[in-house]
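Just below is one structure, and these are the notes that go with it.
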Amino acid sequence: MLGSTATTAKLVTKAVRHPLRAVRRLVEAARCAGLSEADERDAALAFLSDAFEVDARSILDEHTRSGFGSWMERRRGELGAFRGPYRLASTPAFDCETTYLLVRSMKPNVVVETGVCYGASTTYILQALAENRRGVLYSIDLGNSSDEPPNDFFVPQQLTDRWHLIIGDSTQVLPQLLARLEQIDLFHHDSLHSFEHMMWEYATAFRHLHAGGVLSSHDVRTIVDMRRPFQANPFTVFCDRHRLRSVVSRNVGIAMRQSA
């Protein structure tokens, strides 16, 4: 059931402007509906605890007590009330928290992400870096249109000192950025979800991950090609091809590059 007339209208508007994305989101929601959040969270916690020799559950408990998640939920409500005829959805809180737990557990110094949208997952990464008291985030996004919220909608001012936002096409900007940085600790994909583009971003970033670095990705349970609905997700294909130790928690994938 779609709910209110206003909600239905928003969905229709999204579908008109991005029909394939709207269909993918509906399929994604249906796939995730059958998953146990407890089991999905346990899988990520076990992986992170073992990989980085931390107590990831304690990190989660600390995060839950902090009230940060409640603040973000209020901000999500404000996103829904944002003036303008059009907006995409933001990354779900569960997936944002998985990314937060990853950053808190591994304590990276240099993080690169593609795809910011309104900055939901970006804010969780920045919050984790601030709590770690180390690390910077480079974010690449095409930029938003004038009739939707800005890329930094979710990002509090006090977190921006660790953030470098680059507006541009990742096919051009990402190789340049990685060449300048030379090596990075963590790469997170959340931009264009097509098989070819995801594989290209993974491969491009993977070459710059140091030993023990992490490749993470959103939309790892999403159909990226509606013409091939049963095709394996690019994240799974890439991990299998490179024999990476990995885990999938709901719609986030985490894979480690083998240590030297």
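The values are calculated or read from the model by the stated rules, or taken from the named source; none is laboratory data. Computed from a predicted model, the values in this text were never measured in an experiment. Neighbour counts are summed over all protein chains in view; Cβ atoms, including those assigned to glycine, are modelled from backbone coordinates with ideal geometry. All accessible areas refer to the heavy atoms of the entire protein, side chains included, with ligands and DNA or RNA removed. Shrake-Rupley method; radii C 1.70, N 1.55, O 1.52, S 1.80 Å.
Tabulated values for the structure
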read-out: Probe 1.4 Å, accessible area per residue of the stretch 48-111, Å²; value: 47
read-out: Rounded FRET efficiency, nearest 0.05, which uses the C-beta distance separating residue 240 from residue 164 and R0 of 30 Å; value: 0.40
read-out: Value of relative contact order over the chain, rounded to a whole percent, pairs C-alpha under 8 Å and six or more apart; value: 18
read-out: Of all accessible heavy-atom area on the stretch 60-111, the percent that carbon and sulfur account for (1.4 Å); value: 52
read-out: Inter-label distance for residue 180 and residue 259, nm, one decimal - labels placed 7 Å from Cα along Cα-to-Cβ; value: 3.2
read-out: Relative contact order %, the stretch 183-258, counting alpha carbon pairs below 8 Å whose residues are six or more apart; value: 34
read-out: Full-stretch length increase - residue 228, residue 196 - with 0.36 nm per residue and alpha-carbon distance subtracted; value: 10.2 nm
read-out: Difference of contour (0.36 nm per residue) and Cα-Cα distance, residue 73 to residue 146; value: 23.9 nm
read-out: Normalised contact order of the stretch 106-260, rounded percent, pairs of Cα under 8 Å and 6 or more residues apart; value: 20
read-out: Residue 206 paired with residue 37, simple spin-label distance in nm, labels 7 Å along Cα-to-beta-carbon; value: 3.3
read-out: Å³ per residue enclosed by the Cα convex hull of the chain; value: 133
read-out: Highest average packing first - 49-58, 186-195, Cβ atoms within 10 Å; value: 186-195, 49-58
read-out: Cα-based convex hull volume of the stretch 105-260 per residue, rounded to whole Å³; value: 119
read-out: Rounded percent of accessible protein surface that carbon and sulfur make up, the stretch 154-218, 1.4 Å probe; value: 50
